[in-house]
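What follows is calculated from the coordinates using simple rules that are stated; it is not laboratory data. Everything numeric here is computed off the predicted structure, so don't read it as measured data. We place every Cβ from the backbone using ideal geometry, glycine too, and count neighbours over all the protein chains shown.
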Amino acid sequence: MSMAAPASSDLEPEIIVVNTRRVMCDGGGALGHPRTWYEMGEADFVECRYCDRRFVLCDSGDDIRA
Ligand SMILES: [Zn+2]
């Protein structure tokens, strides 16, 4: 992954590592959106529909792929 020169000031999607497949997002206060719960289901991550945050499951039991 190459990082180009940051010409724009777009907000990058925030990645939040969690331990459970059920997560809650409320936008962190600044962005402000209704408190919403998400279920990852069979996936290892879920993205917030409001603020594009990505919640990634921290599965410390499996091998880590570099
Ligand atoms: Zn959110």
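When the expected Rg is taken as 2.2 N^0.38 Å, what fraction or multiple of it is the alpha-carbon Rg of region 15-57?
Computed over Cα atoms of region 15-57, the ratio equals 1.05.
Taking Cα pairs under 8 Å and at least six residues apart, what relative contact order does region 15-57 come out at, in percent?
Across region 15-57, relative contact order equals 45 percent.
Whose amide H sits under 5 Å from the amide H of Val18, counting only residues 5 or more places off or on another chain, with H placed in the peptide plane?
It is Val56, Leu57, Cys58, by chain and number.
Looking at Gly27, Val17, Leu57, which one has the Cα that reaches farthest to the positive end of the dipole of region 15-57 (charges on Cβ: Lys, Arg +1; Asp, Glu -1)?
Toward the positive end, the furthest listed residue is Gly27.
Using a 10 Å cut-off on Cβ atoms, rank the peptides 44-56, 13-25 from the highest mean neighbour count down.
44-56, 13-25
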